[in-house]
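Report on the following structure.
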C-alpha cells in the first residue's frame, strides 16, 4: 500500500479530485454540513446560498457547480485532508473492502 506522499504528482492530483467529487454529493444532499458558529466561518452559509441560487435559477441539477463556484477552495482543502489520510493500492495489490466484526 502507498501513502499519499508516495504517489506521483499526477496520482496525487487524481486522488484529490476523487476525494472532492466523493465529498460533493454529501455536501449537496446535506449529509455533511458545517457549523459556521463553531468554526467562526461562513462555509455552510455559502453552501446554502449556492443551493438557493440553483433553485432560484430552476437548475437544481447544477447545485454542485454553484457550490464549487463559491466554495471550491474550502472543499478542496477538505478533500486534500481526506486524500492524505487514505492508502492507495499498487498495481500488484488486491484490496478487499469490508467490515470486520
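Residues that are touching a residue at least 40 places away in the same chain (Cβ under 8 Å): list the helices (runs of 4 or more DSSP H) wholly contained in the chain that include at least 1 such residues.
So the answer is 9-28, 63-84.
Condition (residue is at pLDDT below 95, in contact with a strand residue (DSSP E or B) (Cβ under 6 Å, 6 or more places away or on another chain) and surrounded by fewer than 11 Cβ atoms within 10 Å (Cβ to Cβ)) applied to the stretch 54-66: is it met by at least one residue?
Within the stretch 54-66 (the criterion being at pLDDT below 95, in contact with a strand residue (DSSP E or B) (Cβ under 6 Å, 6 or more places away or on another chain) and surrounded by fewer than 11 Cβ atoms within 10 Å (Cβ to Cβ)), the answer is no, since none of the residues qualifies.
Picking from 33, 10, 89, 39, which residue would you name as being modelled with pLDDT of 95 or more and surrounded by fewer than 14 Cβ atoms within 10 Å (Cβ to Cβ)?
10
The values are calculated or read from the model by the stated rules, or taken from the named source; none is laboratory data. Keep in mind that this is a model prediction, so the values were computed, not measured. Counting neighbours? That spans all protein chains shown, and the Cβs are built from the backbone with ideal geometry, glycine included.
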